[in-house]
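Right, one structure below, let's go through it.
Just so you know, all these numbers are worked out from the coordinates, no wet-lab data involved. Note that the coordinates shown come from a computational prediction; the quantities given were computed from them, not determined experimentally. Quick reminder, even Gly has a Cβ in these numbers, built from the backbone with ideal geometry, and neighbours come from all protein chains shown.
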Amino acid sequence: MFGFDPSFLSSLLQVILIDLVLAGDNAVVIGLAAAGLEPDLRRRAILIGILAATLLRIAFALITTELLSLGGGLLIAGGVLLLWVCWKMYRELAVSEEAELEATEVLSDADVNGDGVIAAKAPRKTLRQAVTQIIIADVSMSLDNVLAVAGAAQHHVEALIFGLALSVVLMGVAATFIARVLHRFRWIAWIGLLVILYVAIRMTLEGVGAFVGIPDIPLLYTSHTAPAAA
């Protein structure tokens, strides 16, 4: 319809939702790490975290998409890693409202709950401790983001390029805003979790299907084995 491939549109929508959820999720992690800093150091830590996440997404995009194109075992590894991402997301979504509120206050630099203090209950830490924690989280979450986008895009190169570019823009420009939206509308993050779970299962099946015969599974797996010539 209108000259668009329905599978391309489906992949594009999945990519956009994954980018939105993971950008906001990454921002919350950065906010939690920065919450223990003195107010004058928080903005510096948040800026370092968002910049690092942006650069890591670019670097991983250049590597991961090439690796996944090799297929087989690497697709299985990517799918299993995304299943681990789903577990991590589930645990993060189950984080206490108090902890998430502190992260949201730090990211927006505002007293959201009206107690007169921004993230008052966070444990104190140094800038080096906070930045180290942020960088470690950024490495993991940037790889997660690139894998999820590559898996959702499937074989649509345009959707893949758009998704990777969008993830970079969101982390560099709108991550804090998205984090606040996800805090207010929690159901968006749960939908994102289900989409990533779907991508993980599909990617794993694609990888396994390169080695053994798997019957077609509607919406999840279609055999790519060509029919034998008569």
Other residues with Cβ under 13 Å from the Cβ of Ile214 give, with Lys and Arg +1 and Asp and Glu -1, a net charge of -1
Net charge near Arg57 (other residues with Cβ under 11 Å of its Cβ; Lys, Arg +1; Asp, Glu -1) is -3
For Glu92, Glu206, Glu38, ascending order of other Cβ atoms within 10 Å (fewest first) is Glu38, Glu92, Glu206
Residue by residue through region 48-53, the couplings from Karplus 6.51 cos²θ - 1.76 cosθ + 1.60 with θ = phi - 60°, in Hz, x for Gly and Pro, are 4, x, 5, 5, 5, 4
Expected unfolding gain across Leu83-Val181 under the 0.36 nm per residue rule, minus the alpha-carbon gap, is 32.8 nm
Net charge (Lys, Arg +1; Asp, Glu -1) of residues whose beta-carbon lies under 14 Å from that of Val199, Val199 excluded, is -2
Inter-part gap, Cα centre of region 202-219 to Cα centre of region 18-84, in whole angstrom, is 28 Å
